[in-house]
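What follows is a short report on a single structure.
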Amino acid sequence: MKYFGTDGIRGIYGRDLTERLAYRAGLAASRFFVKCFVGTDTRTSGESLAAAVAEGLAQGGCDAMLTGVIPTPAVSFLAEKHGAGGIVVSASHNPPCYNGLKFFSPAGYKLTAYVESSIEECIDKPPPRVGGGSITVYNSGRDEYVSHLVGLCKIERRRIALDCAYGAAATVARDVFEGCGASVEMYADSLDGEKINCGVGALYPQFVVERAAGKLGFSFDGDADRVVAVDGEVLDGDSTLFNLALILAPKGVVGTIMNNMALERALAERGIPFIRTAVGDKHIGEAMRRHRFSLGGEQSGHYIISPAVSGDGLFAALVLASRGNFERLDLVPQVEISVPASASVLTDPRFVAAKTSCEASLHGRLIVRMSGTEPKIRIMAESENESMLHSVTDKLLDTILSIEKEI
């Protein structure tokens, strides 16, 4: 798609994502929503982009309700609760110079590929500006979301460290965890969009490890739909999903092509079916609904737990905190590499030949794909033969860099 990636529209603010594009996206989305919540994370560009989105919605005849800074899962919750659409101005885990637009249906789900494609068509060929929509401030969204989470979980009184990544989690995390029975130590909890995700949060869980002195802790990303758990050391994403399965005893679990083989084996030993999808929590959510599973997740820290219908880092953290003692999987060796490159590299005959050769020699799994959030090629290789992993990834990396240099 031209605008949509793995998770909505995303890019560097002022270059890839502008107020003009945000306005057109809002106008396009007005074809599908009668009313729509518009939230943001803490990025400095968020307010002006949210205003542009709201203006586009209103010009298309849709009522826009501005929630201010609020976690992405809160907007999903509000959309489902009130039967409205949802748009979040956020670039999730990306640095402060990025921003993005995430979209939710009136059922709280990420949009289908068909609706995303329809919105893209309308961005390039805007529908008529019929007007008549309103723009209002919706102040109660935060409290509704907090009350919802507190009503779902109770955890024993224990001290928990929370890293809010200078993002949207800071608006609710203390009230949520204290409301569920914990006492908390807060880190990176100011609403500072210029520092969002910078050395803190889900991409840098070591920040909490170094400060929590062995305590249970959680690191959220900028919009709080992702979480990483620590209990003296970082808990990897596959082990996290496994522990969630131990707590919740679901009839099945949905993961992605990136999940480690050890997770699949461990779930099978307990009689729990495991299904893989493409990368992205919208694909996980679709598979969960199709198979009527109540749990799904990605290595990266996105976890969907019923009754939530999209990734919710805060809810996942509460469920994990209810157990506290984590089991760690004996992971199959895995190497992941990201390299800045264009999509055309993937169809170059030289790369296709190199990839085919590597797959034949690996005796494991090899995944090569374009990132859905950045202009990068991502490589994941997995094999019991660890030396072969590095040989394969080095060969692919050299091939990509050689081809990219010529483009």
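Does the chain classify as rounded, prolate or oblate by the C-alpha gyration tensor (a ≥ b ≥ c root eigenvalues; a/c under 1.5 gives rounded; else a/b over b/c gives prolate, otherwise oblate)? Let's see the in-between values first.
Values: a/c = 1.68, a/b = 1.13, b/c = 1.48.
It is oblate, given that a/c is not under 1.5 and a/b is not larger than b/c.
If you take every DSSP beta bridge fully contained in the chain, what fraction is antiparallel? Give it as a percent rounded to 5.
Details: 34 of 64 bridges.
That works out to approximately 55 percent antiparallel.
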_Taking 8 Å as the Cα distance limit and 6 or more residues as the minimum spacing, I'd like the relative contact order of region 323-407 as a percentage._
39
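Fewest Cβ neighbours within 10 Å first, please rank 186, 380 accordingly.
Numbers: 186 16, 380 21.
The order, fewest Cβ neighbours first, is 186, 380.
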*Got a sec? Charge dipole of the chain, +1 on Cβ for Lys and Arg, -1 for Asp and Glu; which of 11, 83, 287 is way out at the positive end?*
83
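Add +1 for every Lys or Arg and -1 for every Asp or Glu among the other residues with Cβ under 11 Å from the Cβ of residue 388, and state the total. Don't jump to the answer; show the numbers that get you there.
Values: positive: 395; negative: 382, 384, 386, 394.
With Lys, Arg at +1 and Asp, Glu at -1, the net is -3.
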*asked:* I need 1, 261, 288 ordered by Cβ neighbour count within 10 Å, fewest first.
replied: 1, 261, 288
_7 Å from Cα along Cα→Cβ at both residue 249 and residue 395: what's the point-to-point distance in nm?_
4.7
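Subtract the Cα-Cα distance of residue 265 and residue 322 from 0.36 nm times their separation in residues, and report this length gain in nm to one decimal. Mind showing how you got there, number by number?
Numbers: separation 57, 0.36 × 57 = 20.52 nm, distance 2.47 nm.
Extra length from residue 265 to residue 322 when fully extended: 18.1 nm.
Taking the number of other C-beta atoms within 10 Å as the exposure measure, put 310, 183, 371 in order starting with the fewest. Don't jump to the answer; show the numbers that get you there.
Values: 310 25, 183 11, 371 18.
So the ranking, lowest neighbour count to highest, is 183, 371, 310.
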*Express in whole angstrom the spacing between the alpha-carbon centres of region 116-138 and region 1-53.*
11
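Could you sort 140-148, 290-298 so that the peptide with the highest average Cβ count within 10 Å comes first and the rest follow in order? Mind showing how you got there, number by number?
Numbers: 140-148: 17.4, 290-298: 20.4.
Final packing ranking: 290-298, 140-148.
Taking 8 Å as the Cα distance limit and 6 or more residues as the minimum spacing, I'd like the relative contact order of the chain as a percentage.
Values: 968 pairs, mean separation 54.2, N = 407.
Reported relative contact order: 13 percent.
Bear in mind these aren't lab numbers, they're just calculated from the coordinates by the rules spelled out. Keep in mind that what you see is a predicted model, and the values were worked out from it rather than measured. Using ideal geometry, Cβ is built from the backbone for each residue, glycine included, and neighbour counts are taken over all protein chains shown.
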